[in-house]
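Notes follow the structure.
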Amino acid sequence: MSAERLQLWKSIVDHDRHGNLSQELKDKLTYALASFTQEIDFGDDVMRHFKATELSLFDRPEDGKKHARVVIQVDVHRGMMNSRNNLHGGCITYLVDICSSVALSLLGIATGGPVELVSQSINTIFHAGATLGDRLHIINESVSAGSRAVTARVEIWDITHHRLVATGTHIKMTPGVPKTKL
């Protein structure tokens, strides 16, 4: 991991003004995210514009279990748009993937659960469009966490026009160890 990558994620995480994380947890999250991503990764030009406005942990009253909430904002820029000048559906699904992964990584770090996870299922429902310059407010909350699989739910809001753009769920699992063939 490069110092530049670590600094990039630090700048994203340090926008948090509404969360309840200790600086130690923020630092652990920053390090994990920096080690999981590279400049050559798909969507890196989108992720570079993220601002985490809330990083929180809470105990859900219904079951008493710890959960994570991560809110990320990003302004729609040219690289996120389709040929009709709307936010591209593939970019929306990328936002569901990456932003929910931040929440699930935070939960794993905070609880000692799995952090190195792979996607099992990403479901996205499109509700409304967004255009160049619109500010997206992406709310990500963990739903369940087991020893092998974790789930997050996502809402993507266009706060410029006060409308729901998309909702999604993301199920991730710990990768299996390949069987050795002799």
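The values are calculated or read from the model by the stated rules, or taken from the named source; none is laboratory data. Since this is a predicted model, take the numbers as computed values, not measurements. Reconstructed Cβ throughout: ideal geometry from the backbone, glycine too, with neighbour counts over all protein chains shown.
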Task: Residues of the stretch 20-49 that turn out to be modelled with pLDDT under 90, in a loop (DSSP other than H, G, I, E, B) and not acidic (Asp, Glu), as a count - done: 9
TODO: Name every residue in the stretch 154-166 that is among the β-branched types (Val, Ile, Thr) and surrounded by fewer than 17 Cβ atoms within 10 Å (Cβ to Cβ), in order of residue number.
DONE: ILE159, THR160
Task: Scan of the stretch 153-176 for residues that are over 15 Å from HIS137 (Cβ atoms) and outside any strand (DSSP E or B), ordered by number - done: THR174, PRO175, GLY176
Open item on the list: If I ask for residues that are touching a helix residue (DSSP H, G or I) at 6+ places or on another chain (Cβ under 6 Å) and surrounded by fewer than 17 Cβ atoms within 10 Å (Cβ to Cβ), which ones from the stretch 77-87 would you list?
Closed with: GLY79
TODO: Could you please let me know if VAL74 is surrounded by 13 or more Cβ atoms within 10 Å (Cβ to Cβ), of a type outside the set (Asp, Glu), modelled with pLDDT of 95 or more and closer than 16 Å to ASP97 by Cβ?
DONE: yes
- [ ] Only residues that are among the β-branched types (Val, Ile, Thr) and either surrounded by fewer than 13 Cβ atoms within 10 Å (Cβ to Cβ) or within 30 Å of ALA130 (Cα to Cα) (or both): list them for the stretch 167-182, please.
- [x] THR167, THR169, ILE171, VAL177, THR180
Open item on the list: Among the residues in the stretch 84-103, are any more than 21 Å from HIS127 (Cα to Cα) and in contact with an Asp or Glu (Cβ under 7 Å, 6 or more places away or on another chain)?
Closed with: yes
Task: Verdict on THR151 being within 26 Å of GLY64 (Cα to Cα), of a type in the set (Ser, Thr, Tyr), surrounded by fewer than 20 Cβ atoms within 10 Å (Cβ to Cβ) and modelled with pLDDT of 95 or more - done: yes
TODO: Test LYS26 against the criterion of being touching a strand residue (DSSP E or B) at 6+ places or on another chain (Cβ under 9 Å), without any contact (Cβ under 8 Å) to a residue 60 or more places away in the chain and farther than 28 Å from GLY129 by Cα, and give yes or no.
DONE: yes
Open item on the list: Between ARG17, ARG69, ARG84, which is closer than 26 Å to THR160 by Cβ, among the basic types (Lys, Arg) and not in a loop (DSSP other than H, G, I, E, B)?
Closed with: ARG69
- [ ] Would you be able to tell me the number of residues in the stretch 99-135 that are among the polar types (S, T, N, Q) and over 13 Å from the mean Cα position of the chain (by Cα)?
- [x] 6
Task: Residues satisfying the stated conditions in the stretch 62-98, i.e. more than 15 Å from the chain's Cα centre (by Cα), on the phi < 0 side of the Ramachandran plot and touching a residue at least 12 places away in the same chain (Cβ under 8 Å) - done: LYS65, LYS66, ASP75, VAL76, HIS77, ARG78, GLY79, MET80, MET81, ASN86, LEU87, GLY89
